[in-house]
Amino acid sequence: MNEYDSNRIYDIAEKNNYKKTENSIDADCYVLNTCHIREKATEKVYHEVGRIKKEFRNKKKPIIIITGCVAQAEGEILLQKEKYIDAVLGPQSYHEINKTIQKIERDKKKINITNFDVNKKFDNLNLIKNKNSKVSSFLTIQEGCDKFCKFCVVPYTRGPEFSRSLDELFKECKELVNNGAREITLLGQNVNAYNNNGKKLSDLIYKISEIENVKRVRYTTSHPIDFSRDLVEIHKNSKKLMPLIHLPVQSGSNKILKSMNRKHTIEDYLDLVDMLKKNNPNIKFSSDFIIGYPGETDNDFNETLKLLDRVEFINSYSFLYSPRPGTPAAKMKNIDFLVAKNRLITFQKKAFAKKMQFKKRLFNTKSLVLFENKMRNKENYFFGRDEYLNSVIVKTKENLSGQIKEVNIINGNQNTLFGEISNKSINNVYAA
Ligand code: SAH
Ligand code: SF4
């Protein structure tokens, strides 16, 4: 979401005659767009500001603005502690960026805008064209969270759940496609909680699939408890919706899920996985895991390992539990750090083996690849992604940007699959 936000910040600042610089030393204004989800977020901000200070020692000081969730969480403290910072803008206030820059230029006063006026933000953003021109583009459809998992800072930094209107999203999606986008990833902290005047995520997917040049649709991140029947069904009916579902589970233990306030059991999760697979056998899953949450025993951890075998996640993102200031879990007793670290290593080894198993199964098979861009440092090589988000590289002199081709996968490593184009262009992707 920060990538989407950063692009929008550029789109807005351009109206104020600010352009992207290639070299950081040429900048008149720095915007550090920050994430607060895990440890060391605030330290990273001070560190980066310190680096800029050094870089500009003998030059005119650039304007320094901190945006994103660290700005929201720390606000005034950042301004007090680091005088080099000129302004903090929370994630629901970045539409104020031009006014902020102009005020700093004029009054040389510190500015702190951290209110939650998300309606106003999108009303403002709707007036400014989205200039992002990547083949695979993000589109924020929903923000905020009402779930209050005990470990998570999002409800406090992004505010309550809010869904943008279907019409404005359709319009922005068309803009992205006109700029060259062919794959749209719909974003939200709880993307499947999307609900605007009764219109649901499945309605939005059907609607944007009507745009001919939208070739692929993805969405992330889903919460298991918001996975409604219509969303299950659309995975069978839509030809444009990709068969990879990112469905964070966090832990395999019911005791830990309850203590995290995840609002579902492992049995509920497995029922959902089975229903989705039955509905469409091509579907695969990826997930997020928190290792070493307060109260996690060897037994709980083994339940999480067991889940890796049961679901066969093709990608698992695992994080050591990190106490976030202001969250209920931050008041709980932490488990031993070394125990948690060792569990994380064990988990990641097993998850990696699963991922490689899946990749190897793709060798000597055909995949549909949407090509994005030429490789920067490798002439005559093109980069794309298959339906499961695997990176695929082929050798070719052709410009394949934006095209879907059938590729024979020959081999690969942990990061990339290598293949050859089987000379069949796939243009007959129907509207869902
Ligand atoms: N809304 C999504 C997750 C958004 S946060 C969901 O409910 O699944 C992205 C991921 O960061 C989470 O899935 C979780 O695995 C991780 N995360 C969030 N807070 C964390 C914390 N305090 N410590 C470690 N990992 C955390
Ligand atoms: Fe955080 Fe996701 Fe839980 Fe919301 S549902 S509190 S974003 S982990």
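The values are calculated or read from the model by the stated rules, or taken from the named source; none is laboratory data. Bear in mind that the values here come from a model prediction, so they are computed numbers and not experimental data. Note that we place each Cβ from the backbone using ideal geometry, even for glycine, and neighbour counts take in every protein chain shown.
Give the residue that is farthest from ligand 2 (Cβ to nearest atom), with candidates limited to residues of region 122-142 that are within 20 Å of Thr185 (Cβ to Cβ) and without any contact (Cβ under 8 Å) to a residue 60 or more places away in the chain. Talk me through it step by step, then tell me what you get.
Start the filter on region 122-142 by keeping residues that are within 20 Å of Thr185 (Cβ to Cβ), which leaves 122, 125-126, 129-142.
Imposing the further condition that a residue be without any contact (Cβ under 8 Å) to a residue 60 or more places away in the chain reduces the set to 122, 126, 133, 137, 142.
Numbers: Phe122: 19, Asn126: 25, Ser133: 29, Ser137: 22, Gln142: 11 Å.
Of everything passing the filter in region 122-142, Ser133 is farthest from ligand 2 (Cβ to nearest atom).
Evaluated against (1) surrounded by fewer than 22 Cβ atoms within 10 Å (Cβ to Cβ); (2) under 18 Å from Lys121 (Cβ atoms), Tyr46 falls short on exactly one condition, (2).
Take the residues in region 181-214 that are basic (Lys, Arg) and over 13 Å from Arg164 (Cα atoms), then tell me which one is farthest from ligand 2 (Cβ to nearest atom).
The first filter runs over region 181-214 and keeps only residues basic (Lys, Arg), leaving 182, 199-200, 207.
Still in the list and also over 13 Å from Arg164 (Cα atoms): 182, 207.
Values: Arg182: 29, Lys207: 25 Å.
Residue satisfying both the conditions and the ranking: Arg182.
Specify the residue that is surrounded by the most Cβ atoms within 10 Å (Cβ to Cβ); the eligible residues are those in region 324-333 that are over 18 Å from Arg158 (Cα atoms) and within 11 Å of ligand 1 (Cβ to nearest atom). Per the criteria, the residue is Ala329. Within region 235-257, one or more residues are free of Cβ contacts under 8 Å to residues at least 60 places away in the same chain, assigned to a helix (DSSP H, G or I) and of a type in the set (S, T, N, Q).
Does Phe319 satisfy being of a type in the set (A, V, I, L, M, F, W, C), part of a strand (DSSP E or B) and within 16 Å of ligand 1 (Cβ to nearest atom)? Walk me through how you get there before you give the answer.
On the way: of a type in the set (A, V, I, L, M, F, W, C): yes; part of a strand (DSSP E or B): yes; within 16 Å of ligand 1 (Cβ to nearest atom): yes.
It is true that Phe319 is of a type in the set (A, V, I, L, M, F, W, C), part of a strand (DSSP E or B) and within 16 Å of ligand 1 (Cβ to nearest atom).
Restricting region 147-181 to residues that are of a type in the set (A, V, I, L, M) and within 16 Å of ligand 1 (Cβ to nearest atom), which is nearest to Glu39 (Cα to Cα)? This residue is Val153. Among the numbered conditions (1) within 12 Å of ligand 1 (Cβ to nearest atom); (2) polar (S, T, N, Q); (3) assigned to a helix (DSSP H, G or I), the only one that Ser286 does not meet is (3). Only one of the listed residues (Asn196, Asn190) is more than 16 Å from ligand 1 (Cβ to nearest atom) and touching a strand residue (DSSP E or B) at 6+ places or on another chain (Cβ under 9 Å). That residue is Asn196. For region 379-388, the condition holds for no residue, the condition being that it is within 16 Å of ligand 1 (Cβ to nearest atom) and of a type in the set (Gly, Ala, Ser). Restricting attention to region 154-169, does a residue exist that is over 23 Å from Leu231 (Cα atoms), within 12 Å of ligand 2 (Cβ to nearest atom) and of a type in the set (A, V, I, L, M, F, W, C)? Yes, that holds for at least one residue.
Only one entry in Met260, Met242 is over 16 Å from Gln348 (Cα atoms), under 23 Å from the mean Cα position of the chain (by Cα) and away from ligand 1 (no atom under 16 Å from the Cβ), namely Met242.
One residue is enough: does region 187-198 have a residue meeting the conditions free of Cβ contacts under 8 Å to residues at least 24 places away in the same chain, at positive phi and out of contact with any Gly (no Cβ under 8 Å at 6 or more places or on another chain)? Break it down stepwise before answering.
Restricting attention to region 187-198, the residues satisfying the condition of being free of Cβ contacts under 8 Å to residues at least 24 places away in the same chain are 198.
If we keep only those that are at positive phi as well, we get 198.
Then keep just the ones that are out of contact with any Gly (no Cβ under 8 Å at 6 or more places or on another chain); that gives 198.
Yes, region 187-198 contains a residue that is free of Cβ contacts under 8 Å to residues at least 24 places away in the same chain, at positive phi and out of contact with any Gly (no Cβ under 8 Å at 6 or more places or on another chain).
Among residues that are more than 13 Å from ligand 2 (Cβ to nearest atom), β-branched (Val, Ile, Thr) and either closer than 27 Å to Met1 by Cα or not assigned by TED's automatic domain parsing to the domain that holds Ser391 (or both), Val311 is included. Would you confirm, using the coordinates I've provided, whether Tyr84 is closer than 20 Å to Ile97 by Cα and of a type in the set (Phe, Trp, Tyr)? Considered against the rule, which asks whether it is closer than 20 Å to Ile97 by Cα and of a type in the set (Phe, Trp, Tyr), Tyr84 comes out as yes.
Filtering region 5-64 to residues that are within 16 Å of ligand 1 (Cβ to nearest atom) and acidic (Asp, Glu) leaves Asp5, Glu39, Glu43.
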